[in-house]
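Notes for the one structure printed next.
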Amino acid sequence: MIYKFMQELKRGVFTENPIFVLALGLCPTLGVSTSVENGIGMGIATTLVLICSNAMISIFKDLIPDRVRIPCFIVIIATFVSVVQLLIKAYFPEIDTYLGIFIPLIVVNCIIFARAEAFAAKNSVLPSITDGLVMGIGYTVALVVLSALREFLGANRLLGLSVIPGYSPMTIFVLAPGGFFTIALVLAIINSFKLRGKK
């Protein structure tokens, strides 16, 4: 059981990582990855929505007519996004302030809809929950990696703490273009390792 979960986790974090391999959900990724706190907050929110929507879609997949499949999926996803947003507003108002519009935009995040369509609509409840969890963890890991790089390079901080005394940060990394530079850098490193592994 543990070995099987570890294999699934490897799939979510490495072989099918939503950002670094599938390149899904890049808009919110680039928008919120300016600090590690934002990355963790967005990752957890998206993971909760993935798990709950996958489970619900898997339960009702046989009852949903094919011609209204997509609208039904969107309604289910939107319901869980609303619940998560209200929980964040109630218990984590600071995170709600930082993430702002990106929390409601989880509804149209390609990662969630892709998992609903490709996995939850074709599998039973437990595998669908596992899929939501591992893909959510993979998304969170990618967000934290990008956020840590951008926060360090652009502000010389990590989790709000100063890192290297005297280092002059490159402010561009916490601005919009810095998101593109960072993800390009990380993808280039990942792809170079993959090419070396094939040789």
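Against the longest alpha carbon principal axis of the chain, how many degrees, from 0 to 90 and to the nearest 10, is the axis of helix 125-155 turned?
Once rounded, the angle reads 20 degrees.
At what distance in angstrom do the alpha carbon centres of the stretch 138-196 and the stretch 72-114 lie from each other?
24 Å
For the stretch 54-156, divide the Cα radius of gyration by the Kirkwood radius and give the resulting Rg/Rh value with two decimals.
1.04
Could you size up the charge dipole of the chain around its Cα centre, putting +1 on the beta carbon of Lys and Arg and -1 on that of Asp and Glu, and report it in debye to the nearest 20?
Approximately 660 debye in magnitude.
Using 29 Å as the Cα-Cα cut-off, could you pick out the over-long pairs in Lys10/Lys122; Lys4/Lys89; Lys10/Lys89; Lys10/Lys61?
Lys4/Lys89; Lys10/Lys89
Just subtract the alpha-carbon distance of Val83 and Cys110 from 0.36 nm times their residue separation and send over the number in nm, one decimal.
7.8 nm
Helix-derived [θ] at 222 nm for the chain: sum -39500 (n - 2.57) over DSSP H runs of at least 4, divide by residue count, nearest 500?
-22500 deg cm²/dmol
With the other protein chains left in place, how much accessible area per residue, in square angstrom, belongs to the chain at a 1.4 angstrom probe?
54 Å²
State, to one decimal in nm, how far the label point of Thr15 lies from the label point of Leu187, with both points 7 Å from Cα in the Cβ direction.
Inter-label distance under the simple model: 2.2 nm.
So if each residue of separation counts as 0.36 nm, and I subtract the Cα-Cα distance between Lys4 and Ile59, what length gain in nm does that give?
Length gained between Lys4 and Ile59: 17.6 nm.
Sorted by accessible area (1.4 Å probe), largest first, how do Cys72, Cys27 line up?
Cys27, Cys72
If r is the Cβ-Cβ distance from Phe180 to Arg69 and R0 is 35 Å, what FRET efficiency results, to the nearest 0.05?
Once the sixth-power term is evaluated, E becomes 0.55.
Quick check: the angle from helix 36-60's long axis to the longest principal axis of the chain, C-alpha only, nearest 10 degrees?
Long axis of 36-60 versus the principal axis of the chain: about 10 degrees.
When the convex hull of the C-alpha atoms of the chain is computed, what volume per residue in Å³ does it have?
Enclosed volume per residue, from the Cα hull, is 142 Å³.
Relative to the longest principal axis of the chain, what angle (0 to 90°, nearest 10) does the C-alpha long axis of helix 176-198 take?
80 degrees
The values are calculated or read from the model by the stated rules, or taken from the named source; none is laboratory data. Since the structure is predicted, the reported quantities are computational estimates derived from the model, not experimental observations. Virtual Cβ from ideal backbone geometry, glycine too; neighbours counted across all protein chains shown. Just the protein is used for accessible areas: all its heavy atoms, side chains included, with ligands, DNA and RNA removed. Shrake-Rupley method; radii C 1.70, N 1.55, O 1.52, S 1.80 Å.
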